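If you scroll down you'll find the structure; I have some questions about it.
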Amino acid sequence: MMQAGLWGGAVTALAIALFSGWRDWRRTRRDNLDSIGIVDWPTVQMLALIIAVILASLGFKA
């Protein structure tokens, strides 16, 4: 049961990393260069990838 929760968290973190990568890609190609974003997407992406790796490694051990 715990292993399924760890893998679910890893998949969710990976989905967040993919989403933030897409949003950062869109931010770099925006039309209005004066508009700024609120979220720092590269930081979100790196944190989500680190969390996904940690949860996946714990899922392998459990």
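Accessible area per residue of the chain at 1.4 Å probe, in Å²?
78
Between Leu33 and Gln3, take the C-beta separation as r, use R0 = 35 Å, and let me know the FRET efficiency to the nearest 0.05.
With a Förster radius of 35 Å, E is 0.15.
³J(HN,Hα) across region 17-28 via Karplus (A = 6.51, B = -1.76, C = 1.60, θ = phi - 60°), whole Hz, x for Gly/Pro?
So the J values, rounded to whole Hz, are 5, 5, 4, 5, x, 5, 5, 5, 4, 5, 5, 6.
Further, regarding this structure: About the Cα centre of the chain, what is the dipole size in debye to 20, counting +1 per Lys and Arg Cβ and -1 per Asp and Glu Cβ, all else neutral?
The dipole of the chain has a size of about 120 debye.
Taking Cα pairs under 8 Å and at least six residues apart, what relative contact order does the chain come out at, in percent?
Working: 48 pairs, mean separation 37.1, N = 62.
RCO, the chain: 60 percent.
Measure off, as a whole percent, the carbon and sulfur share of the 1.4 Å-probe accessible area of the chain, all protein chains present. Show your work: numbers first, answer last.
Working: 3400 of 4850 Å².
Result for the chain: 70 percent of the exposed heavy-atom area is carbon or sulfur.
Over the chain, what per residue volume does the convex hull of the Cα atoms give, in whole Å³?
Enclosed volume per residue, from the Cα hull, is 60 Å³.
Follow-up question, since we're still on this one. Provide the per-residue ³J(HN,Hα) series for region 39-46, in order, calculated from phi with Karplus coefficients 6.51, -1.76, 1.60 and θ = phi - 60°, each as a whole number of Hz, with x at glycine and proline positions.
Once rounded to whole Hz, the list reads 9, 8, 5, x, 5, 4, 5, 5.
The values are calculated or read from the model by the stated rules, or taken from the named source; none is laboratory data. Keep in mind that what you see is a predicted model, and the values were worked out from it rather than measured. Reconstructed Cβ throughout: ideal geometry from the backbone, glycine too, with neighbour counts over all protein chains shown. Ligands, DNA and RNA are stripped out before the accessible areas are found, and what is left, the full protein with its side chains, is counted by its heavy atoms. Shrake-Rupley method; radii C 1.70, N 1.55, O 1.52, S 1.80 Å.
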